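Have a look at the structure below before the remarks.
The values are calculated or read from the model by the stated rules, or taken from the named source; none is laboratory data. No experiment lies behind these values; they were computed from the predicted model shown. Here the Cβ positions follow ideal geometry from the backbone for every residue, glycine too, while neighbour counts run over all protein chains shown. In case anyone asks, the SASA skips ligands and DNA or RNA and just uses the protein heavy atoms, side chains included. Shrake-Rupley method; radii C 1.70, N 1.55, O 1.52, S 1.80 Å.
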Amino acid sequence: MKVKSTDFRVEEGQKIHLDKWPTSVEPVYESKKQYQKILSDHVAQLSSLQQLLYASNRYAVLLIFQAMDAAGKDGAIRHVMSGVNPQGCQVFSYRHPSAAELQHDFLWRTTRDLPERGRIGIFNRSYYEEVLIVRVHPEILHSEGIGGGSLDEKTVWESRFRSIVDLEQHLHRNGTRIVKFYLHLSKDEQRKRFLQRIDEPHKNWKFSLADVEERKVWKLYMSAYEDCLTATSTREAPWYVVPADDKENARLIVSQIILDTLNGLEMTYPEVGAQRQQELQSIRERLIGGDLD
């Protein structure tokens, strides 16, 4: 099976019902050995394209990962981006906002971390938390100290969706290409992974009782994700719903989508003029001749 990015893409205006989207698909690989080979090839290509992205200095790339707990966000980021030069890539994770961050609008803290041209930025969770966990737990919204009627729950989510889309369109117009991944995990697979975290001592640190408590509001999360994906997937900043019950398969799908995105950019290495070529040849001859020793 070859990954076709458009199979996982949410088209602009498409109404999403997540129970119609699979959490598992036919694997791209036939064995662990083949998985490692495909992943290594993808990583090598990503490394090369990241260098070209940096050299061309025309675009920034922002990758956003959202998912339920234990869906494999950290592993996907770690494995897929393992070959990218750390100087050209930064990962940011967002938890509950600090007291200082709560004094600003909901997009402020992530806007500070947007990638500059030539670099890849990765948000492990993002400003989308403000229309996901905050929607499931509206008490968080009330703690944000917003006034002026902004807490009207009949309009607040549509208002935030508009703010997000406006921001992403602004970023696109100014050279940032945004790719958003929702790792689609089944509730049953999440249960299995939670049990692994308990049964395997080296994974105990990953487990939190709070994660289990969130399973009680699974349906509310799915509803929030459906509205979010429907409202904010655009041609300029699309969402991809990636089946995540098979971690390895999910990584190959994610890496192929990133490759397709980078290959779709108009990037070239800077051209070297005739005068510069002469300078380089002169330096080369002096190095060979030992003049610069």
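Some notes on this structure:
- Number of positions in the stretch 33-70 that are assigned to a helix (DSSP H, G or I) and either in contact (Cβ under 8 Å) with a residue 24 or more places away in the chain or closer than 20 Å to residue 239 by Cα (or both): 17
- Only residues that are open to solvent by 40 Å² or more (accessible area, probe 1.4 Å) and among the polar types (S, T, N, Q) were counted in the stretch 49-90, giving 6.
- Listed by first and then second residue, the pairs with beta-carbon distance under 7 Å, at least 6 apart or on different chains, first residue in the stretch 273-293 and in a helix (DSSP H, G or I), second open to solvent by less than 100 Å² (accessible area, probe 1.4 Å), are 286/292.
- Boolean, residue 161 is hydrophobic (A, V, I, L, M, F, W, C) and surrounded by fewer than 20 Cβ atoms within 10 Å (Cβ to Cβ): yes
- Test: residue in the stretch 180-195 that is small (Gly, Ala, Ser) and either open to solvent by less than 20 Å² (accessible area, probe 1.4 Å) or closer than 30 Å to residue 54 by Cβ (or both): no
- Some residue of the stretch 179-186 being touching a residue at least 24 places away in the same chain (Cβ under 8 Å), touching a Gly at 6+ places or on another chain (Cβ under 8 Å), on the phi < 0 side of the Ramachandran plot and part of a strand (DSSP E or B): yes
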